[in-house]
Structure formats: structure tokens, C-alpha cells
Amino acid sequence: MTGMGAVELLAEPLELRCGAKLPHRIAKSALSEQLGDRRNRPSAELVELYRTWARGGGGLLCTGNVMVDPSALGEPRNVSVPLRPDAGEYRTWADAVTGTDAQLWVQLNHPGRQSPRFLSRQPVAPSAVPFETRGLRSVFVPPRELTGDEIEAIIDRFALSALTFVEAGFAGIQVHAAHGYLVSQFLSPLTNRRTDVWGRQRSRFLLEVVRAVRAAIGDAVPISVKLNSADFQRGGFTEEESLAVVRELGEAGIDLLEVSGGTYEKAAMMGMGGESTGRREAYFLDYATKARKVTDVALMVTGGFSTAEGMADALRFGALDVIGLGRPLTVTPDLTARLLAGEEITAERLCPKTGIKLADSWLEVQWHTQQMHRIAAGKPVDVRRGALRSLVHAGLGDPLNAFRRVRG
């Protein structure tokens, strides 16, 4: 890799453990689209959004926040899998990438305690641990502890959902084990205080989900896991524990690990704390370097990349195999194709700022979500959309908007 130019490096295909091949090294990381219809099925707008990204040079396109339990939603318009799913309901979405080189993978998730009170009167979690901060406690009802049978049922829901999407034509599966959602809650000692096997072995839930998904979809379909490098909270899931889980996931046979970090309470994946980006052009690269030492699974890092040279440098450094892009693709949906064509273009984040920390944390998510919705509606991106207009459009009266910092 050392003698290759930036474009040549980014354009190089990648063969995963299972034999599946990614067409190049740039991936669209999961973003919570909120484009399900009123029955939480894929809408025509959601299909158009992914058609646009596929035609814009997409290689790996990972969906955001498809919930495996229709009674447990993280956001009102999440796509969810009904109790008796029909693969046919998802084929149009899978067909969005037809005629391109893109691979469409579905990200499967369960919110656990991160299901807001207007969606869940009684959310569930590994343990009955409420949020500590007053603001979050006003949004989320304290959860009920899951029974052993319920845990097994949720594992089965992940497997059934994965099979449904593979039968629909999706090319791969990602299990969301980051950002404080249910799988992440099992991993963290702050939210998993159980004394049974699910508490004594906090990684067991994730590993059982991976095994069940693999058994359902077979050996030829890639499985990815999105994992926190750490929670960045005192007493939480540590980097050392995370690296131990990385080793276990490699032994369990996953094909791609995406590195992220943080929770609703400490949103490191949005640049709000966690690993510094000062030395290299990305979040979580230091952690990825450590993960490389404990596994040979392909690694993907998302967050902070700006230029083709910066992306290529990360590949040359050897800490990762795939460059993840999220919010920049809501600003420039054909960014991937332009980077691979050698165009001197920057992965831009054009969100305006108010100078008020809390308002800007709302704005960072809402502005980019609104751009996604414009793309989905066949409209051009509105880079001039100002802070006030975006916040008013988002609805400042909706308390969930204040804490919707995690985007897949």
C-alpha cells in the first residue's frame, strides 16, 4: 500500500473473511434516516435516498437503526421488523442499488432503555437502571429488567430479522452494539448489573446474537458489528474490555468491525468528547491500531475524515481497512464517486452554529437529517439552511430532539 496513490488506495477492492468483496474502501456508515412509513415499513423516500447514494458511487451502504422489535422503537419513523415478517416488504429497498456496484447492508438494532416515553411506556434493559441526568430522565421512562426468556426471544428476533433482509436481497448484516442501545447496555457495567450468566459474562448477549444471526443466514453473507471503543463514562465499558470483546468477535467469525464510541450521555461519536482528532484525520484511529493487534477482522473507522489524502494515510498506516463516511454524504451525496475520480473535494460538514452548546448539539443532528430528507424527496441539498430555520423545523417543543445525538 505504501507506494499507491490516494485514489488507487481508496479504489482497491476488499475481500472479507466470508468471501464477499467490497468494491472499494469507502463506506456509508449508518445514519438514522427516520423515513419509515406510518407502519414502520420502508417508504418510497427511503428507497430514493439509497438509490441516490448508490448512484453516487456507494460501495458499502449501511442502513440506520432498523429495529428488530416493532414495540421497541428508538425514534417514531424507524423501520422495524414485524412479528411475522414478509421479506417482500423490503425487496424494493434492496433493489435501490440495482445496476450499481453498491452493496446494501441492514443495520439491526434494539433500543433497550433508549426508547422515549412517548413511544414506550415501559422500555426494557438488562437491568432496571434509569438515566442519571435530569434531562434524559424526562425523556425516557426507567426501564424494566428483562427476564431470561425475554433475552432469548430478542436474540431470536435479531436472527429472524437478519434472515428476512437476506431473503429480501440485502447483501449483509450489521449488528448495532454501540451508542448505548440494548447490546451496548449489556456490555456496560453501568447498565448491566445482573447476577446471572448475562451479567457475569457481559459480552455473552452480543456473542449469542452474532451466533444466532450466522446460523440463520449461513456462512457466505457478511456480518458486521458496530462496537464502542469505550463508553467514555466513569465506571462504564472500558477500552480494555472493548478490546477483549473484539477478540471474541473475531473468534465468533464476524467479517467487519466498525469502531465507534459513546452513548446518549457521552456522545463521543459526534466529536463530543472521547478520542482526540488532533494528530490524525479521524476519530478512534488510536483504538483501531490496538484492535488490529488482537484480531484479523477487517476494521472500519467512521468520523472525522475530510480529504482523500487523509483517508489514504489512514489506510497506509494500517490501522483500518474501510473508511466510513456519514454526515458528509448528506451534504454531498455523490462524494464517493468524486473522491474515486480524483477530484479535489472535501468531506464537508456545513451545519451552521448558534454558539449555544445545547442548541448546537440539537442542530448537528437535525440539520443533517433534514438534508437527508431533501435528498429522499428528490430535492437538492440546501446548504444555506440556517440554524434558526433548522431548529424551528425540527420542533424545539419535542424533548426527544434535545437528546437525539446518536445517529446509527
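Could you check the range 76-107 and list, in sequence order, the residues that are assigned to a loop (DSSP other than H, G, I, E, B) and crowded, with 23+ Cβ neighbours inside 10 Å?
Passing the criteria: ASN78, VAL79, VAL81, ALA102.
Quick one: which residue in PHE232, PHE237 is out of contact with any strand residue (DSSP E or B) (no Cβ under 9 Å at 6 or more places or on another chain), at pLDDT below 95 and among the aromatic types (Phe, Trp, Tyr)?
Of the residues listed, the single one that is out of contact with any strand residue (DSSP E or B) (no Cβ under 9 Å at 6 or more places or on another chain), at pLDDT below 95 and among the aromatic types (Phe, Trp, Tyr) is PHE232.
Quick one: which residue in GLU145, GLU152 is acidic (Asp, Glu), free of Cβ contacts under 8 Å to residues at least 12 places away in the same chain, open to solvent by 10 Å² or more (accessible area, probe 1.4 Å) and under 27 Å from VAL210 (Cβ atoms)?
Residue meeting the stated conditions: GLU152.
Here is a yes/no grid of residues against (1) under 15 Å from VAL66 (Cα atoms); (2) buried (at least 18 other Cβ atoms within 10 Å of the Cβ); (3) under 17 Å from the mean Cα position of the chain (by Cα):
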| site | (1), (2), (3) |
| --- | --- |
| ALA162 | yes, yes, yes |
| GLY169 | no, no, no |
| ALA177 | yes, yes, yes |
| GLY180 | no, yes, yes |
| VAL183 | yes, yes, yes |
| SER188 | no, yes, no |
| ASN192 | no, yes, no |
| TRP198 | no, yes, no |
| ARG202 | no, yes, no |
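Yes/no per residue for (1) at pLDDT below 95; (2) more than 24 Å from ARG113 (Cβ to Cβ); (3) aliphatic (A, V, I, L, M); (4) out of contact with any Lys or Arg (no Cβ under 8 Å at 6 or more places or on another chain):
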position	(1), (2), (3), (4)
THR191	no, no, no, no
SER203	no, no, no, yes
VAL209	no, no, yes, yes
ALA212	no, no, yes, yes
ALA220	no, yes, yes, yes
GLY250	no, yes, no, yes
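Could you please find all residues in the range 51-73 being over 26 Å from PRO116 (Cβ atoms) and either among the small types (Gly, Ala, Ser) or open to solvent by less than 10 Å² (accessible area, probe 1.4 Å) (or both)?
Across the range 51-73, the qualifying residues are TRP53, ALA54, GLY56, GLY57, GLY58, GLY59, LEU60, LEU61.
Here are some residues: THR289, THR354. Which one is more than 19 Å from GLN174 (Cβ to Cβ), under 22 Å from the mean Cα position of the chain (by Cα), at pLDDT below 95 and open to solvent by 20 Å² or more (accessible area, probe 1.4 Å)?
Step by step, each of THR289, THR354 is checked, and only THR289 is more than 19 Å from GLN174 (Cβ to Cβ), under 22 Å from the mean Cα position of the chain (by Cα), at pLDDT below 95 and open to solvent by 20 Å² or more (accessible area, probe 1.4 Å).
May I ask you to list the residues in the range 127-166 that are touching an Asp or Glu at 6+ places or on another chain (Cβ under 7 Å), at pLDDT 95 or above and not in a helix (DSSP H, G or I)?
SER127, ALA128
Take the range 5-50 and flag every residue that is surrounded by fewer than 18 Cβ atoms within 10 Å (Cβ to Cβ), touching a helix residue (DSSP H, G or I) at 6+ places or on another chain (Cβ under 8 Å), in a loop (DSSP other than H, G, I, E, B) and not basic (Lys, Arg).
GLY5
Please go through the range 116-142 and give me each residue that is of a type in the set (Val, Ile, Thr) and closer than 22 Å to PHE205 by Cβ, ordered by number.
VAL124, VAL129, VAL141
The values are calculated or read from the model by the stated rules, or taken from the named source; none is laboratory data. What you are looking at is a predicted structure, and each value in this text was computed from that prediction instead of being measured. As a convention, Cβ positions derive from the backbone with ideal geometry for all residues, glycine included, and neighbour counts pool all protein chains shown. We work out accessible area using only protein heavy atoms, side chains counted, and drop any ligands, DNA or RNA first. Shrake-Rupley method; radii C 1.70, N 1.55, O 1.52, S 1.80 Å.
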